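This report concerns only the one structure given below.
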Amino acid sequence: MAKHKILVVDDEESLCEILKFNLEVEGYDADVAYSAESALKLNIVEYSLIILDVMMGDMSGFRMAQILKSKPETSSIPIIFCTAKGSEDDTVIGLNLGADDYISKPFSVREVLARVKSVMRRTIVKPEVAKSDFVEYEDLKVDLNKKKCYLDGNSLDLTKKEFEILFLFLQNRNVIFSRGEILDKVWSDEVVVLDRTIDVNITRLRKKIGKYGKNIITRLGFGYGFEE
């Protein structure tokens, strides 16, 4: 599996190198740019996340974010703002520009890594689930917009988590997901979820989707998936 690429943009070279080193230790690919202008010369679409300082040289991080969010090919790339400024106004500006998180300096590397992991879980993994708004397998159909599931034309009474698990499985048929991956994609940042919770939801889901319950398979030691 390809590593996620992260771009660190900050005019403090030493800080960039520290973050780059620690991100790579965590398993990411990391690049650095010491100004917004030099960052914009890179192939931004390659990056899964940008850690962006606000106060830099001629072009601020806010301005760079505006440019990225204005272009369809880069508008969905998540941004974490990092800045020495900690006022509420700056935070509001950053969030209104579409920032996914905001960290005030000084910060610990551990905090940055935790924020990166959280943002990646919210913005990288989950969109992978929603490749389209409608998915079907024979007579089993899921409509993401209406939040409805249909079996033989009849609406099924699924809970939110059952719906999301089914949508995940149908979008990725013949793929086995570990419990950890299901937690990341369906439960995301919710604090305490036991493995047993996943098992119970899948057991209920199997019953509710009738003849297609047998398609939700268990691979002992690996996880669950929907097999055609």
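None of the figures in this text is laboratory data; all of them are computed from the coordinates on show. Every value quoted in this text rests on a predicted model; they were computed, and no experiment measured them. FYI the Cβ positions are ideal-geometry reconstructions off the backbone, even for glycines, and counts take in every protein chain you see.
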* Segment residue 107-residue 24, extension gain: residue separation times 0.36 nm, minus the distance between their alpha carbons -> 28.0 nm
* Ranked 103, 18, criterion: other C-beta atoms within 10 Å, fewest first -> 18, 103
* **Coordinate range along principal axes, alpha carbons of the stretch 5-129, Å, largest first** => 35, 31, 29
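At a 10 Å Cβ-Cβ cut-off, how would you order 62, 81, fewest neighbours first?
Working: 62 20, 81 25.
Listed from fewest to most nearby Cβ atoms, that is 62, 81.
Here is the link list: 69/161; 71/141; 148/211; 117/148. Which ones come out longer than 25 Å on Cα distance? Kindly include the intermediate steps, with their values, before the conclusion.
Numbers: 69/161 31 Å; 71/141 33 Å; 148/211 18 Å; 117/148 31 Å.
Exceeds cut-off: 69/161; 71/141; 117/148.
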* Asked: So what is the 222 nm mean residue ellipticity for the chain from helices alone, if each DSSP H run of at least 4 adds -39500 (n - 2.57) and you divide by all residues, rounding to the nearest 500 deg cm²/dmol?
  -> -10000 deg cm²/dmol
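Quote to one decimal, in nm, the extra length available between residue 145 and residue 3 on full extension: 0.36 nm per residue of separation minus the C-alpha distance between them. Mind dumping the intermediate values first?
On the way: separation 142, 0.36 × 142 = 51.12 nm, distance 3.09 nm.
Between residue 145 and residue 3, full extension yields 48.0 nm more.
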* To do: Evaluate the distance, in nm, between pseudo-label points positioned 7 Å from the Cα of residue 200 and of residue 42 along their respective Cα→Cβ axes.
  => 4.5 nm
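Write down the Å³ per residue value for the convex hull defined by the alpha carbon atoms of the chain. Write down the numbers at each step before the final one.
Values: hull volume 33.3 nm³, N = 228.
About 146 Å³ per residue, rounded to a whole number.
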* Asked: Between 154, 215, 22, which gets the highest mean-square fluctuation from a Gaussian network model of the chain, Cα cutoff 10 Å?
  -> 154
* **Estimated inter-spin distance, residue 121 and residue 137, nm [label 7 Å along Cα→Cβ]** => 2.6 nm
